[in-house]
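Notes follow the structure.
The values are calculated or read from the model by the stated rules, or taken from the named source; none is laboratory data. Predicted model only: the values in this text are computed from it and were never measured. Every residue, glycine as well, gets a Cβ built from its backbone with ideal geometry; the counts of neighbours run over all protein chains shown.
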Amino acid sequence: MDRIYYKLESTIKDTLNFFKNVWRFRKPLTNHHWWDNQSFLEFLQVSLTHMANNIEKYGTEIDGPRFKKVEMMRRASQLIKNYVEGSYIEMAESELGELILHDWEFEPSPDNPNCSQLVDKDTPEERSHNKKVFERSSEIEEQELNELLSILKGQDTTKFDKDLDWYKQFDGSGLKNWWD
């Protein structure tokens, strides 16, 4: 009888957890498509945020390394958010100035009178500025993706000084270290 009660209790808990997770992951579930990486990253972001909140609030580990982990999880979550939202142009514009954009204007095509072509109103200086913003945007994206991968990978703990306290050398990174 105890075995049946345990199985029933376990099934009820699993079912409740399933519905909690469906609610928690509703946005990435809705956005998921086999051809796109965005929902995969959204799943990871939601999971990291949930984990960070709970480790911060309920974690049993000592505060020092626990808070380092939480900080790294939150940073990883922010990096994923930046990627998913595609906010690199705005970041580059905040450093270099806004892109110089003109309203679209069309003129008849000299090659085909039945068609129109876009008029390029950018000056060489505007083109150069916009190119710098786009290049900086790509640099920021690459830096942030490398940072994210570095955070997930974590430190090489084999290089820690054995004579020093492990917790003082630990920076909180490393997916394999994020548990309580």
| query | Within segment 86-93, can one find any residue that is within 13 Å of the chain's Cα centre (by Cα) and either assigned to a helix (DSSP H, G or I) or among the aliphatic types (A, V, I, L, M) (or both)? | reply | yes
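So that you can scan it fast, the table gives a plain yes or no per residue for (1) aromatic (Phe, Trp, Tyr); (2) part of a loop (DSSP other than H, G, I, E, B):
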residue: Glu142; (1), (2): no, no
residue: Glu147; (1), (2): no, no
residue: Ile151; (1), (2): no, no
residue: Asp161; (1), (2): no, yes
residue: Tyr167; (1), (2): yes, no
residue: Ser173; (1), (2): no, yes
| query | Does any residue of segment 155-173 turn out to be out of contact with any Pro (no Cβ under 6 Å at 6 or more places or on another chain), within 15 Å of Ser77 (Cα to Cα), exposed (fewer than 14 other Cβ atoms within 10 Å of the Cβ) and of a type in the set (D, E, K, R)? | reply | no
| Inter-residue pairs, beta-carbon under 8 Å, first of a type in the set (Phe, Trp, Tyr) and in segment 34-45, second crowded, with 16+ Cβ neighbours inside 10 Å and in a helix (DSSP H, G or I), 6+ apart | Phe40/Pro28; Phe43/Pro28
| note | Restricted to segment 145-154 and to residues being more than 18 Å from Glu85 (Cβ to Cβ) and not basic (Lys, Arg), the residue surrounded by the most Cβ atoms within 10 Å (Cβ to Cβ) is Ile151
| Residues Thr15, Thr49: which one is over 22 Å from Lys176 (Cα atoms) and either crowded, with 16+ Cβ neighbours inside 10 Å or of a type in the set (Ser, Thr, Tyr) (or both)? | Thr15
| field | Residue that is surrounded by 13 or more Cβ atoms within 10 Å (Cβ to Cβ), more than 30 Å from Trp179 (Cα to Cα) and out of contact with any helix residue (DSSP H, G or I) (no Cβ under 6 Å at 6 or more places or on another chain), where the choices are Glu126, Glu135, Glu107 | value | Glu126
| field | Spans of helices (runs of 4 or more DSSP H) in segment 26-85 with at least 3 residues at pLDDT 95 or above | value | 38-58, 63-85
| Within the set of pairs 6 or more residues apart or between chains, which connect a residue that is surrounded by fewer than 18 Cβ atoms within 10 Å (Cβ to Cβ) inside segment 68-87 to a residue that is small (Gly, Ala, Ser) and assigned to a helix (DSSP H, G or I) with Cβ atoms less than 6 Å apart? | Arg74/Ala52
| said: Contact list please: Cβ distance under 9 Å, first residue in segment 100-118 and part of a strand (DSSP E or B), second residue β-branched (Val, Ile, Thr), pairs at least six apart or on different chains. | reply: Phe106/Val119; Glu107/Val119
